[in-house]
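**Q** Sending over a structure as structure tokens; questions will come in a sec.
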Amino acid sequence: MIPWLLLYLFGAVHSDLHKLLSTLPQYSDSRIPPILRPLSYDLQLQLPLSEVSDPDIPLFTGRCVMQFEINQQIGPESAFISDSTSNRARIKFDIIMLDHFENVSLVYNGNELEIFNVQLTDDSMELSVDQPVLFLGRYTMTIHRYKGLIGSALYYRDAGEHAVFGSHLFPNRAPAVFPTYLGTTEKVTFSITMVHPIGTNALTSGASEAYPRKMDDNWQMTTFSTTPSITPSMLCFLLLPHEYIHIESSFTGINITVHYNKFRVQKEQAKHLLHTSTQVLALLKDIFSSLIPVPKIDIVTMNEVSSTACFGAVVVSEVQFFSSDYANQVRLLATWLAKQWIGGYAAISEGTELCLQEDLVSYIAEKVIKRMTNDEHTRLGQLAKIYLSETVFLPGETLKLDEYPNEMEISEKCGLKGVAMLESIEFLIGEKTMISKINEMIYNSKKGAYSSETLYGLLNSTVDADIYVSQLLHYWRGHGGLPFMTVDRLGNSIKITQNGSNMTVKNEMGTWERMPLWPLPLKFTEFKLPIQIMISHGIQLSPVREGMIFSNLGLPNYYRVNYDIDTWREIKTILTENATSYTLRERFQLVSDFCYFYSIKSLPEPAASVLRNEFVQLVRLRPTSFPICDAAIFQCVVTHEHTRPKHLDKSQMIQMRRKVFDSFTNSSEMECRSGLAHDALNDLCTKLYGISCL
């Protein structure tokens, strides 16, 4: 720190924000216990079968024994779950297209209750008992047989002569396999038995207890050990035909087995997958400072599927994994395997907060990538996704999800800016402390669940004497948009201002408003300030030595930086003469930030347009220095040649987003003005503006 640096705060009074951030947070688990809480499942599934009337429709049959407890008496006073007109208590469970329920029973304190009716709809099963009240206590519901369709939650893919079967229950498809109550978030244990054709290999989240037992000439039964308490969405079922073979390793202390189709995947590819998975899992074990929370991990490769992680198993898309470069393969595996701890061992308590779970997983995956590779492209791609999300695909949105979010909403909002916010907290308290707090949260939640308040309650340290980092993270996650500051060089002083009031963003209540003042962590390349958090509209520093001074270079904190026009000229000159002195991420950040501020007319004309042409020419003449340059200059190009983008419906934007983001999974496709990334971004520009502009 320069000892003679003077700091002057100016602008509007920031007392309200300071009061909020400096108030000792009182975080506690404010959730109301559910009226009905599932405790355990004993499931038996038989698959594949077909409908007698239509053999082309694949289905499964199930048997379900569900133990649950009622924590609040169900009777006339709880009208939403009892039938006050007929004086019969009733309970409603979630299902998705399950039918043909046979021999349903309900037992309480060893006594079987008389069931009046079982009413089924496409999405619910309502159980009515012939008594007015269901008392507090433990119940056992048994459904001796029911049917379900194979197609979404349970699915099949061609494996050659036979089919391979898998499951994808995350985030809320479990009711398509068995009845649930608050199925997304409540943790329960599962005891599973699978009845499957002879010659196939059945896998689930639990480890198999013995070899399959032959039942007749066609069917065999495999029994699996009871799982720890996990959410239903983390459960998996897999059925592999004889086209699949496997290799395994126990280097990490548990068995990792890679199952692959011998006609589709080469043995060397499977060995690479197993070796990389073993390395990733060993690093995760070190990061989490704990035993691996699963007894085994099955990794199954499939064609034409979306990769998915569940407790004790991972389904890997052959195309997604084997077409990615090594760093992105590490990222994928680290993300899937980290979910054994975050999502499996410790689960989020509310569907609205699933982004926090996904953000924590991605934050940990970044640590694994950094330790295993020297690759810059994954960090570059991550920044490009954040910037494009905040300017094109989903500007101004918060990280809060619907109560029952679908997978598309999760992929749109999670694992991007929320990770940058966690990294901002790490910038303030250090990586070691940050990871230890995450570990503490996981350990404390192993028998229950955690929420954002669980993490906030652990982040109880302060910066600038009285600002709590937990309050910072709470504020950032509750407000939408990407804030920015402006740094103006005025002779021997620097003026820093924050003014995002022209931006419209969503707030914590879900309503749109002008962007409020954000608390921004301060980081400069040439000096350190006596304060770490800017909570005023402006700061003036003097005297400041001559030379280039960058703020927030590399985006260690979640905000953009604008400079005065002379400084932008100097930045362009530096990138022209000495671009390799800066990381790929820093180069992208500088070019993209200039283009963003040019696009919103925050720079003086005509100088801004002249400089815009020079920036665009620079990256196009030196493509090797600026990977995914088309994303960096996107705002420079589209706003220069065009006015207002066309309206595309949500499904079109989702398709475009997926195409663009998928192109960032291989460094060879991220070249400037060539490759899949260029094509995807140019297609986006064409769709929005009706003309090829990149």
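The values are calculated or read from the model by the stated rules, or taken from the named source; none is laboratory data. A quick note: this is a predicted structure, and the numbers were derived from the prediction, not measured. Virtual Cβ from ideal backbone geometry, glycine too; neighbours counted across all protein chains shown. We work out accessible area using only protein heavy atoms, side chains counted, and drop any ligands, DNA or RNA first. Shrake-Rupley method; radii C 1.70, N 1.55, O 1.52, S 1.80 Å.
**Q** Kindly provide the set of residues from the range 380-399 that are assigned to a helix (DSSP H, G or I) and under 21 Å from residue 339 (Cβ atoms), ordered by number. Steps first, please.
**A** We begin by selecting, within the range 380-399, every residue assigned to a helix (DSSP H, G or I); these are 380-393.
The answer is 381, 382, 385.
**Q** Go through the range 586-605 and give me each residue that's assigned to a helix (DSSP H, G or I), of a type in the set (D, E, K, R) and modelled with pLDDT under 95.
**A** Keep residues of the range 586-605 that are assigned to a helix (DSSP H, G or I), which gives 586-599.
Next, only the ones that are of a type in the set (D, E, K, R) stay: 586-587, 593.
If the condition is that a residue be assigned to a helix (DSSP H, G or I), of a type in the set (D, E, K, R) and modelled with pLDDT under 95, then no residue fits.
**Q** With respect to residue 436, is the statement that it is assigned to a helix (DSSP H, G or I) and surrounded by fewer than 17 Cβ atoms within 10 Å (Cβ to Cβ) true? Let's see the steps before the verdict.
**A** Numbers: assigned to a helix (DSSP H, G or I): yes; surrounded by fewer than 17 Cβ atoms within 10 Å (Cβ to Cβ): yes.
Yes: the conditions hold for residue 436.
**Q** Which strands (runs of 3 or more DSSP E) does the range 202-321 wholly contain that include 1 or more residues that are open to solvent by less than 70 Å² (accessible area, probe 1.4 Å), in contact (Cβ under 8 Å) with a residue 24 or more places away in the chain and of a type in the set (Ser, Thr, Tyr)? Step through it out loud before you land on a result.
**A** Details: elements: 219-223, 237-240, 244-249, 255-261, 296-302, 308-310, 313-317.
Because the criterion is at least 1 residues that are open to solvent by less than 70 Å² (accessible area, probe 1.4 Å), in contact (Cβ under 8 Å) with a residue 24 or more places away in the chain and of a type in the set (Ser, Thr, Tyr), the strands (runs of 3 or more DSSP E) in the range 202-321 that meet it are 219-223, 244-249, 255-261, 296-302, 308-310.
**Q** Which one is nearest to residue 539 (Cα to Cα) among residues in the range 486-510 that are in a loop (DSSP other than H, G, I, E, B) and open to solvent by 70 Å² or more (accessible area, probe 1.4 Å)? Before you say what the answer is, go through the steps one by one.
**A** Applying the first criterion (in a loop (DSSP other than H, G, I, E, B)) to the range 486-510 yields 491-492, 498-503, 507-510.
With the extra rule that they be open to solvent by 70 Å² or more (accessible area, probe 1.4 Å), the set shrinks to 492, 499, 502, 508-509.
Numbers: 492: 14, 499: 12, 502: 20, 508: 27, 509: 30 Å.
Among them, the one singled out is 499.
**Q** Here are some residues: 536, 542. Which one is hydroxyl-bearing (Ser, Thr, Tyr) and under 20 Å from residue 464 (Cα atoms)? Walk me through it before giving the result.
**A** Values: 542 fails: under 20 Å from residue 464 (Cα atoms).
One residue alone meets the criteria, 536.
Rundown of residues vs (1) surrounded by fewer than 13 Cβ atoms within 10 Å (Cβ to Cβ); (2) closer than 28 Å to residue 52 by Cβ; (3) free of Cβ contacts under 8 Å to residues at least 40 places away in the same chain; (4) not charged (D, E, K, R), yes/no style:
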| site | (1), (2), (3), (4) |
| --- | --- |
| 110 | yes, no, yes, yes |
| 114 | yes, no, yes, no |
| 118 | no, yes, yes, yes |
| 130 | no, no, no, no |
| 145 | no, yes, no, no |
| 151 | no, yes, no, yes |
| 154 | no, yes, no, yes |
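**Q** Within the range 403-416, identify whether any single residue is free of Cβ contacts under 8 Å to residues at least 40 places away in the same chain, under 22 Å from the mean Cα position of the chain (by Cα) and farther than 16 Å from residue 360 by Cα, and answer yes or no.
**A** Within the range 403-416, one or more residues are free of Cβ contacts under 8 Å to residues at least 40 places away in the same chain, under 22 Å from the mean Cα position of the chain (by Cα) and farther than 16 Å from residue 360 by Cα.
**Q** Right, something else. Search the range 517-533 for residues being part of a loop (DSSP other than H, G, I, E, B) and free of Cβ contacts under 8 Å to residues at least 40 places away in the same chain, and hand back the single one that is nearest to the chain's Cα centre (by Cα). If you could, list the steps in order and put the result at the bottom.
**A** Within the range 517-533, the subset part of a loop (DSSP other than H, G, I, E, B) is 517-519, 522-523, 525-532.
When the remaining residues are screened for being free of Cβ contacts under 8 Å to residues at least 40 places away in the same chain, the result is 522, 525-526.
On the way: 522: 27, 525: 32, 526: 35 Å.
Going through the qualifying residues, I end up with 522.
**Q** While we're looking at this one, here's another question. Could you check the range 338-356 and list, in sequence order, the residues that are more than 21 Å from residue 286 (Cβ to Cβ) and either open to solvent by less than 10 Å² (accessible area, probe 1.4 Å) or not in a loop (DSSP other than H, G, I, E, B) (or both)? Let's see the steps before the verdict.
**A** We begin by selecting, within the range 338-356, every residue more than 21 Å from residue 286 (Cβ to Cβ); these are 347-356.
Listed by number, the residues that qualify are 347, 348, 349, 351, 352, 353, 354, 355, 356.
**Q** For residues in the range 573-632 being among the β-branched types (Val, Ile, Thr) and open to solvent by less than 50 Å² (accessible area, probe 1.4 Å), which is nearest to residue 683 (Cα to Cα)?
**A** Of the residues in the range 573-632, the ones among the β-branched types (Val, Ile, Thr) are 573-574, 576, 580, 583, 591, 600, 610, 616, 619, 624, 628.
Adding the requirement that they be open to solvent by less than 50 Å² (accessible area, probe 1.4 Å) leaves 574, 576, 591, 616, 619, 628.
Numbers: 574: 31, 576: 28, 591: 21, 616: 19, 619: 20, 628: 14 Å.
Among those residues, the one meeting the criterion is 628.
**Q** Take the range 156-189 and flag every residue that is open to solvent by less than 10 Å² (accessible area, probe 1.4 Å) and among the β-branched types (Val, Ile, Thr).
**A** Selection gives 164, 177, 180, 188.
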